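Please read the structure below before turning to the comments.
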Amino acid sequence: MRIDRAEVIVTSPDRNFVTLKITTSDGVTGLGDATLNGRELAVVAYLTEHVVPLLIGRDPHAIEDTWQFLYRGAYWRRGPVTMAAIAAVDMALWDIKGKIAGLPVYQLLGGASRTGLLAYGHASGKELPELFDSIREHLALGYRAIRVQSGVPGLKAIYGIASQSADTGGGEARYDHEPARRGALPVQEDWDTRAYLRHLPGVFEAVRHEFGPELPLLHDGHHRMTPIQAAKLGTSLEPYDLFWLEDCTPAENQEALRLVRQHTTTPLAIGEIFNTVWDFKDLIREQLIDYVRGAVTHMGGITPLKKTMDYAALYQIKSGFHGPTDISPVGMAAQAHLGLAIHNFGIQEYMPHGEKTNRVFEQSFTWRDGLLHPGDEPGLGVDVDIDEAGRYPYERAYLPYNRLADGTVHDW
């Protein structure tokens, strides 16, 4: 049996997705997620022009060898475009292997280590009443852990507030399913770190007072602080017992986490924009983080992310895989299988996809009592309706960006 063909499917139901479909000479198919939010067509070109021609005639069972061939054989390694393309191939081959074996992928990874995956949802509000309503809505949907994002007085629009879409040129709809706006140019948002640092501890004090001490609460700093600012925030949030503080400072400077760690016991999660284990190596070895935020789609697939988590397990560091809707149902299924199998699972980010997306991607994973499960269909348990996908052609879209009050571009 050999790989007979591979096709790249681009569709834009609720947002843009890039999917690789590999078909073997025996007619077995596998799917992989290659979506890179806001730079989708760069991955399409990498796959179509450079990767797909190399796949034809290869043994679909040789997952490790194919991964090493695509990573080492290109000479130019790493980077989001390269690793998203390799990830799609890796996922598709695991999908094929599972279908041939007649087993879900998690069984091929060692079997289930738990009955389901604890997942957290995204609650947000411009002000406290709206935030409280959002938390209650997520609790009613079964979430047992909640990420809390709040507006900041004096700032018109900032990351993570779903209801602000109309304030940033996105129309009346909330942006629960996609913060990237379709259009020729990215939307500009505003930022003031000192105002944020003053305001946020009071938000968490109010949330704890309203919802009690037991509910796991998370927060995403989204790379916007300097190391000392991040340390200050982590310290000020300690009384509210966060499950984690995410992306508190830009992750490229790994030494910055040493300073943050010296000042706060608030657990730290980082790595959604990382591409390889090399980005995590020092952070894991020096125990500067508590949760690995890598994504199957951005880290090169199931194969390397499992190795990263095996390394993290030596240091009691757990998973917290990136999982908003820029991870397609294929990518979500892949990391759900991985999360179910590894021993050091921590929590899974989970935003349900929109109705159109769920018509394009037929899924077998379930959401019950606050737990995700990838299902027991052979392979990844996701299929794509090609005809339905064709109804939604690609539309250019960009994530927003930040400027400070003086006009300086700042991390979003």
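The values are calculated or read from the model by the stated rules, or taken from the named source; none is laboratory data. It should be emphasised that the depicted structure is a prediction, and the values quoted were computed from it without experimental measurement. All Cβ positions, glycine included, derive from the backbone under ideal geometry; neighbour counts span all protein chains shown. These area figures cover heavy atoms from the full protein model, side chains too; ligands, DNA and RNA do not enter into them. Shrake-Rupley method; radii C 1.70, N 1.55, O 1.52, S 1.80 Å.
Taking a ≥ b ≥ c as the square roots of the Cα gyration tensor eigenvalues, region 180-325 comes out oblate, since a/c reaches at least 1.5 and a/b does not exceed b/c. Taking amide H atoms as placed 1.01 Å from N in the peptide plane, the amide H of Val292 lies under 5 Å from those of Lys318, Ser319, Gly320, each 5 or more residues away in sequence or on another chain.
Summing Cβ point charges (Lys, Arg +1; Asp, Glu -1) relative to the Cα centre of the chain gives a dipole of roughly 680 debye. Under a 5 Å amide H cut-off, with hydrogens placed 1.01 Å from N, Thr366 pairs with His373, Gly375 among residues at least 5 apart or on other chains. With bins 20 Å wide beginning at 0, the percent of Cα pairs of the chain falling in each bin runs 28, 60, 13, 0.
Note that region 239-247 has calculated 3J(HN,Hα) couplings of x, 9, 6, 5, 5, 6, 10, 9, 6 Hz, one per residue in order, obtained from phi through the Karplus relation 6.51 cos²θ - 1.76 cosθ + 1.60 (θ = phi - 60°); glycine and proline are x.
Of the chymotrypsin sites (Phe, Trp or Tyr not before Pro) found in region 360-397, those in coil by DSSP whose Cβ has at most 16 other Cβ atoms within 10 Å are Tyr394. Computed 3J(HN,Hα) for region 345-359, one whole-Hz value per residue from the Karplus formula 6.51 cos²θ - 1.76 cosθ + 1.60 where θ = phi - 60°, is 5, x, 6, 10, 5, 8, 10, x, 6, x, 4, 5, 4, 5, 7, glycine and proline marked x.
Loop-located GluC sites (Glu not before Pro) in region 207-250 (DSSP state other than H, G, I, E, B) with a sparse environment of at most 11 neighbouring Cβ atoms within 10 Å: Glu214.
Projecting the Cα atoms of His322, Gly110, Ala397 onto the charge dipole of the chain (Cβ charges, centred on the Cα centre) puts Gly110 farthest toward the positive pole. Highest mean first, the peptides 322-328, 30-36 sorted by other C-beta atoms within 10 Å per residue fall in the order 30-36, 322-328. Nearest-5 percent of antiparallel DSSP beta bridges in the chain? So the antiparallel bridges in the chain amount to around 50 percent.
Dipole of the chain (Lys/Arg Cβ +1, Asp/Glu Cβ -1, origin at the Cα centre): which of Gln335, Tyr46, Phe361 lies farthest to the positive side? Positive-most Cα among the choices belongs to Tyr46.
Dipole check for region 1-143: with +1 at the C-beta of Lys and Arg, -1 at the C-beta of Asp and Glu, and the Cα centre as origin, the magnitude is about 320 Debye. For region 32-124, the square roots a ≥ b ≥ c of the C-alpha gyration tensor eigenvalues yield an a/c of 1.5 or more together with a/b not exceeding b/c, which makes the shape oblate.
The charge dipole of region 212-337, taken about its Cα centre with unit charges on the Cβ atoms of Lys, Arg (+1), Asp and Glu (-1) only, comes to about 260 debye. Sorting Trp412, Trp76, Trp244 on solvent-accessible area from highest to lowest, probe radius 1.4 Å, gives Trp76, Trp412, Trp244. Taking a virtual spin label 7 Å from the Cα of Arg391 along the C-beta vector, which residues in region 352-385 bring their backbone nitrogen under 12 Å of it? Hits in region 352-385 for Arg391 at 12 Å: 355-361, 385. In this structure, Glu286 and Arg114 have a Cβ-Cβ separation that, at R0 = 25 Å, corresponds to a calculated FRET efficiency of about 0.35. What separates the Cα centres of region 314-341 and region 344-412 is a distance of 12 Å.
Sparsely packed loop sites in region 349-410 (the GluC sites (Glu not before Pro) outside DSSP H, G, I, E and B with at most 13 other Cβ atoms within 10 Å) comprise Glu395. Scanning residues 5 or more positions from Ala34 or on other chains, those with amide H under 5 Å from its amide H are Val18, Thr19, Leu20, with H placed 1.01 Å from N in the peptide plane.
Between Arg194 and Glu255, the contour length at 0.36 nm per residue exceeds the Cα-Cα span by 19.7 nm. Remark: region 27-38, residue by residue, has Karplus-estimated 3J(HN,Hα) of x, 7, 10, x, 10, x, 8, 10, 6, 10, 4, x Hz, where x stands for each Gly or Pro and the curve is 6.51 cos²θ - 1.76 cosθ + 1.60 at θ = phi - 60°. Global size of region 1-159: 20.3, 62 Å for Rg and Dmax (C-alpha atoms, Rg to one decimal, Dmax whole). With a simple spin-label model that places each label point 7 Å from the Cα along the Cα-to-Cβ direction, the separation between His50 and Arg72 comes to 1.9 nm. The calculated Kirkwood hydrodynamic radius for region 109-150 is 11.5 Å, given to one decimal from all distinct C-alpha pairs.
Overall, the anisotropy analysis places region 1-78 in the oblate class: the square-rooted eigenvalues a ≥ b ≥ c of its C-alpha gyration tensor yield a/c not less than 1.5, with a/b not exceeding b/c.
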